[in-house]
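Chemist: Quick one: this structure, given as structure tokens, is what I'll be asking you about.
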Amino acid sequence: MNDGSLPTRSPGDGLPGHASRVVGALFMTFLLLGACWAVEVVNYADDGALSARYGIRPHDTGRIWHIFTAPFLHAGLDHIMANSVPLAIFGFLAALRGVSRFISVSLIIIVASGLGVFFLSAPGSVTVGASGLIFGYFGYLLARGFVEHRASDIVVAVIIAVFYGTMIFGALPGQPGISWQAHMFGLIGGILAAWMTRQRSHA
């Protein structure tokens with residue numbers, strides 16, 4: 001019986017639980033990156049036809065479901081290479097709280113970022129790329145520790161802010177060829193995901 005004098009440990013506490021979460025995070029990171037690269041190989045071989053076909057086309061209600069395909073498509077090898085490192089870093093850190101939670105967080109970000117592009121980007125444009133996810137994980141990592149009051153997550157948030165804080169300028173309008181809509185609403189989606197999936201802890 002717990003009289004309140006000692007903290008209750010969950011089954012996921014301890015070295016085995018931490019190791020399991022690290023392995024799960026690595027698996028999800030490789031799966032996410034692998035999917036992006038596999039799709040880009042096919043896309044590159046087909047002269048970018050997949051991007052043109054399955055990218056987000058603003059205000060085209062018949063293709064609104066492309067918000068779920070666009071994050072896995074890129075506008076060439078330079079584009080996917082530029083996204084791969086931050087996607088791997090932020091994706092891994094975001095996945096450390098468990099696979100099911102990571103999937104939920106990713107879906108919230110994809111929907112928020114995609115809808116921002118769908119409603120606010122210029123008609124006739126096509127938007128692809130994982131940068132909405134990257135900004136979403138960035139926002140999620142910044143917000144997670146503060147909505148859960150978990151010391152380890154607060155440390156991660158501070159480190160992310162110190163080393164990647166200037167990313168925030170990428171969510172502002174004014175950069176030609178850059179979808180600030182994907183960035184801004186991905187960031188908002190990440191913060192929203194941190195609040196929606198929060199699990200309060202003092203660990």
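Chemist: Among Leu32, Leu120, Leu50, which one shows the biggest mean-square fluctuation in a GNM of the chain, springs joining Cα atoms closer than 10 Å?
Modeler: Looking only at Leu32, Leu120, Leu50, the biggest GNM fluctuation is shown by Leu120.
Chemist: Roughly how many percent of the accessible protein surface of segment 32-89 is carbon and sulfur, given a 1.4 Å probe and a whole-percent answer?
Modeler: That fraction is 68 percent.
Chemist: Provide the net charge surrounding Ser125, with neighbours chosen by a C-beta distance below 13 Å and charges set as Lys +1, Arg +1, Asp -1, Glu -1.
Modeler: Overall, the nearby charge balance is +1.
Chemist: Whole number in Å², please: accessible area per residue of the chain, 1.4 Å probe, ligands, DNA and RNA not counted.
Modeler: 53 Å²
Chemist: Once semi-axes √(5λ) of the Cα gyration tensor in Å is worked out from the coordinates, which option in (i) 39, 27, 11; (ii) 33, 18, 15; (iii) 27, 21, 17 does it equal?
Modeler: Structure-derived value, by its label: (ii).
Chemist: Please check: in the Gaussian network model of the chain (C-alpha springs, under 10 Å), which one of Ser100, Ser131, Ser51 has the largest mean-square fluctuation.
Modeler: Greatest mean-square fluctuation among the candidates belongs to Ser100.
Chemist: Once you have a ≥ b ≥ c as the square roots of the Cα gyration tensor eigenvalues for segment 143-203, tell me rounded if a/c is under 1.5, and otherwise prolate or oblate according to whether a/b is larger than b/c.
Modeler: oblate
Chemist: Next question. Of all accessible surface on segment 134-203 at a 1.4 Å probe, what whole percent is carbon and sulfur?
Modeler: Here it works out to 74 percent.
Chemist: If exposed trypsin sites (Lys or Arg not before Pro) are those in a DSSP loop with at most 11 other Cβ within 10 Å, what is the longest stretch of the chain that has none?
Modeler: Free of exposed loop sites, the longest segment is 10-199.
Chemist: Length gain on complete extension for the stretch Val111 to Ser152, per 0.36 nm per residue less the alpha carbon to alpha carbon distance?
Modeler: Working it through step by step, the gained length comes to 12.0 nm.
Chemist: Can you compute the modelled spin-label distance between Val162 and Ala45, with each label point 7 Å from Cα toward Cβ, in nm?
Modeler: 4.5 nm
The values are calculated or read from the model by the stated rules, or taken from the named source; none is laboratory data. Everything numeric here is computed off the predicted structure, so don't read it as measured data. In this analysis, Cβ positions are derived from the backbone assuming ideal geometry, glycine residues included, and neighbour counts consider all displayed protein chains. Accessible surface areas use protein heavy atoms only, side chains included; no ligands, DNA or RNA. Shrake-Rupley method; radii C 1.70, N 1.55, O 1.52, S 1.80 Å.
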